[in-house]
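Worksheet: the structure to be examined is printed underneath.
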Amino acid sequence: MDRKITPSRGPAIKNAVIATLLGLVLASAAYALSHGDSDRVQQRVDSATLVVTTVQAGAFEDTLRLRGSIKPKTSIYLDAISGGRVEQKLVEQGEFVTEGQPLVKLSNSALQLDVISREAQITEQLNFLRNTQMTMETNKLNLKRDLLEIEHQINQLQRKVKQAIALEKRDLIPKDDLLNLQQDLSYYQKRRQLTQERQQAENLIRQAQITQLEDSAKMLDTNLAFARKNLDNLLVKAPVSGYLSDLDVVVGESKTKGARLGQIDLPGEYKLAVEVDEYYLSQVQLGMAAKVRVNGRLIDAITTKIDSRVNASRFTVEIDLPGDLAGIKRGQSLDVDLVLSSPQDNAVLLNKGAFVNDSGGHWAFVLSSDGHQAHRTAIRLGKKNATVFQVLEGLKPGDRVITSSYSSFDNADELLLN
């Protein structure tokens, strides 16, 4: 028996859906071609994930936020004046030492033998000088004795000549006896004159020699004291009072003359050593103001030294810290703001944020007055410090700007905030 076959409606419905979709696609393409790039790309964003900052008007401080390390302002190095073997380590690194306190004991047998030999030589020379002085004094006394005897002979001869003259007038003695006495008297008078001249000459020579000998004796005594001091230097003592921040000695090792043994830091005097990028080398000056953050306080300071030698694209700046700061130690790190220029009043300020990494500081999303949308806006930023940017164009005080990261919607032109 024949049945009537009813055509299926499935293919007709399918064709109708395809035709409808194709029409929508063609309409969308035609709409896009007719409008071009005038459409804004919108993206919906959860406002809870955003950081919104209000643009402010105020004074802009051109500062550079850095981090420095505390170092002692004054350090005294300990060097081995006389080399030797380390026999004893009397203190430990980090202790507070007082001026004159023994720190390290060295030994040097060669130096000890040398000092003993020099002492013997110097003692021998000093004895020779003293013997020379004694000989000169003896000669001086001998000349005085000779002169005294000559004076005695002259006095006796003068008396005898006087008596002989009276006797010769009476023809009581031969005239030759009188002439002999007169010749003897003339001889001793001339001898007295020569002895006096010799005495004067020897006095002048003796005075010069004594001066030279005394100077030589002083020099020898000084050399002997210096030789003995070399032995004393084997006991290394603290030249000043302070903290022994470094002591590089081990019992039994040998230290050469001039070797560095350690370092003493004077207490209560500190400086901050800061490494700065070489880009700022021309901007950093001596006496530049700085603000150091110490234990929650802001301390005013100034730069006192600039080491312009660039190492790894950085140079070093030193900032003196006040001596009354408590709770700081050598090696501690502190934040510091270098004030590069005077504050600028009535500047437009925008808080720093991660948005600048995505926009390069050329644009930002600015919220509408109702806060439901944010529009991409061209801006121009100027200088920056540790907290804010200086806005040159595109924003005004009171504008609300998204300053968090734009990485998830950097291609959007308009944000719809939930």
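Could you count how many residues in the range 242-257 are part of a loop (DSSP other than H, G, I, E, B) and either free of Cβ contacts under 8 Å to residues at least 60 places away in the same chain or more than 21 Å from Glu99 (Cβ to Cβ) (or both)? Working first, answer last.
Initial filter on the range 242-257 (part of a loop (DSSP other than H, G, I, E, B)): 248-253, 256-257.
Imposing the further condition that a residue be either free of Cβ contacts under 8 Å to residues at least 60 places away in the same chain or more than 21 Å from Glu99 (Cβ to Cβ) (or both) reduces the set to 248, 250-253, 256-257.
Counting residues in the range 242-257 that are part of a loop (DSSP other than H, G, I, E, B) and either free of Cβ contacts under 8 Å to residues at least 60 places away in the same chain or more than 21 Å from Glu99 (Cβ to Cβ) (or both) gives 7.
Can you pull out the strands (runs of 3 or more DSSP E) entirely within the range 337-392 that have at least 3 residues that are surrounded by fewer than 16 Cβ atoms within 10 Å (Cβ to Cβ)?
Numbers: elements: 344-351, 363-367, 373-378, 380-384.
The qualifying strands (runs of 3 or more DSSP E) are 344-351, 373-378.
Those residues that are outside any helix (DSSP H, G or I), within 14 Å of Ser82 (Cβ to Cβ) and not charged (D, E, K, R), I need them from the range 92-138; list them, please. Step through it out loud before you land on a result.
Keep residues of the range 92-138 that are outside any helix (DSSP H, G or I), which gives 92-108.
Okay, now just the ones that are also within 14 Å of Ser82 (Cβ to Cβ), so 104-108.
The answer is Val104, Leu106, Ser107, Asn108.
If a residue has to be more than 11 Å from Ser404 (Cβ to Cβ) and among the charged types (D, E, K, R) to count, how many in the range 353-374 make the cut?
Count: 1.
When only residues in the range 304-336 that are among the β-branched types (Val, Ile, Thr) and assigned to a strand (DSSP E or B) count, which is surrounded by the fewest Cβ atoms within 10 Å (Cβ to Cβ)?
Just the residues of the range 304-336 that are among the β-branched types (Val, Ile, Thr), to begin with: 304, 306, 310, 316-317, 319, 328, 336.
Still in the running and assigned to a strand (DSSP E or B): 304, 306, 310, 316-317, 319, 336.
Values: Thr304: 16, Ile306: 16, Val310: 12, Thr316: 16, Val317: 26, Ile319: 25, Val336: 24.
Across the range 304-336, the extreme among qualifying residues is Val310.
Which of (1) closer than 30 Å to Leu281 by Cβ; (2) touching a Phe, Trp or Tyr at 6+ places or on another chain (Cβ under 7 Å) is the odd one out, the single condition Thr377 does not satisfy?
Unmet for Thr377, out of (1) closer than 30 Å to Leu281 by Cβ; (2) touching a Phe, Trp or Tyr at 6+ places or on another chain (Cβ under 7 Å): (1).
Among the residues of the range 271-280 satisfying the criterion of being in a strand (DSSP E or B) and open to solvent by 40 Å² or more (accessible area, probe 1.4 Å), which is farthest from Leu78 (Cα to Cα)? Please lay out each step first, then the result.
Filtering the range 271-280 down to residues in a strand (DSSP E or B) leaves 271-277.
Still in the list and also open to solvent by 40 Å² or more (accessible area, probe 1.4 Å): 275, 277.
Numbers: Glu275: 27, Asp277: 33 Å.
Going through the qualifying residues, I end up with Asp277.
So, in the range 94-137, of the ones that are among the acidic types (Asp, Glu) and over 19 Å from Lys237 (Cα atoms), which residue ends up modelled with the highest pLDDT?
Restricting attention to the range 94-137, the residues satisfying the condition of being among the acidic types (Asp, Glu) are 95, 99, 114, 119, 124, 137.
Still in the list and also over 19 Å from Lys237 (Cα atoms): 114, 119, 124, 137.
On the way: Asp114: 81, Glu119: 79, Glu124: 82, Glu137: 86.
Top of the filtered list is Glu137.
For the condition more than 30 Å from Gln156 (Cβ to Cβ), open to solvent by 80 Å² or more (accessible area, probe 1.4 Å) and of a type outside the set (Val, Ile, Thr), what is the one hit in Lys190, Lys229?
Numbers: Lys190 fails: more than 30 Å from Gln156 (Cβ to Cβ).
That would be Lys229, the only listed residue that is more than 30 Å from Gln156 (Cβ to Cβ), open to solvent by 80 Å² or more (accessible area, probe 1.4 Å) and of a type outside the set (Val, Ile, Thr).
Ile173: of a type in the set (A, V, I, L, M), open to solvent by less than 70 Å² (accessible area, probe 1.4 Å), without any contact (Cβ under 8 Å) to a residue 40 or more places away in the chain and assigned to a helix (DSSP H, G or I), yes or no?
Working: of a type in the set (A, V, I, L, M): yes; open to solvent by less than 70 Å² (accessible area, probe 1.4 Å): yes; without any contact (Cβ under 8 Å) to a residue 40 or more places away in the chain: yes; assigned to a helix (DSSP H, G or I): no.
Judged against the criteria, Ile173 is not a match.
Looking only at residues in the range 396-410 that are in contact with a strand residue (DSSP E or B) (Cβ under 6 Å, 6 or more places away or on another chain) and at pLDDT 85 or above, which one is most open to solvent (accessible area, probe 1.4 Å)? Break it down into steps so the answer makes sense when it comes.
The first filter runs over the range 396-410 and keeps only residues in contact with a strand residue (DSSP E or B) (Cβ under 6 Å, 6 or more places away or on another chain), leaving 397, 399-403, 409.
Imposing the further condition that a residue be at pLDDT 85 or above reduces the set to 397, 399-403.
Values: Pro397: 69, Asp399: 27, Arg400: 84, Val401: 0, Ile402: 0, Thr403: 6 Å².
Per the criteria, the residue is Arg400.
Filter the range 236-256 down to the residues that are surrounded by fewer than 16 Cβ atoms within 10 Å (Cβ to Cβ), more than 23 Å from the chain's Cα centre (by Cα) and not acidic (Asp, Glu), then identify the one that is nearest to Glu95 (Cα to Cα).
If we take residues in the range 236-256 being surrounded by fewer than 16 Cβ atoms within 10 Å (Cβ to Cβ), more than 23 Å from the chain's Cα centre (by Cα) and not acidic (Asp, Glu), then Val250 is nearest to Glu95 (Cα to Cα).
With the requirement that a residue be more than 16 Å from Lys190 (Cβ to Cβ) and open to solvent by 50 Å² or more (accessible area, probe 1.4 Å), what does the range 156-165 give you? Walk me through it before giving the result.
First, pick out the residues of the range 156-165 that are more than 16 Å from Lys190 (Cβ to Cβ): 156, 159-160, 162-165.
Gln156, Arg159, Lys160, Lys162, Gln163, Ile165, listed by residue number.
Can you tell me how many residues within the range 93-126 are closer than 24 Å to Gln212 by Cα, open to solvent by less than 70 Å² (accessible area, probe 1.4 Å) and of a type outside the set (D, E, K, R)?
4
Residues to consider are Ser47, Ser82; find the one that is surrounded by 13 or more Cβ atoms within 10 Å (Cβ to Cβ), touching a helix residue (DSSP H, G or I) at 6+ places or on another chain (Cβ under 6 Å) and polar (S, T, N, Q).
Working: Ser47 fails: touching a helix residue (DSSP H, G or I) at 6+ places or on another chain (Cβ under 6 Å).
One residue alone meets the criteria, Ser82.
The values are calculated or read from the model by the stated rules, or taken from the named source; none is laboratory data. This is a predicted model, so every value here is computed, not measured. Cβ atoms come from the backbone with ideal geometry, glycine included; neighbour counts cover every protein chain shown. Surface areas here come from the heavy atoms of the whole protein model, side chains and all, with no ligands, DNA or RNA. Shrake-Rupley method; radii C 1.70, N 1.55, O 1.52, S 1.80 Å.
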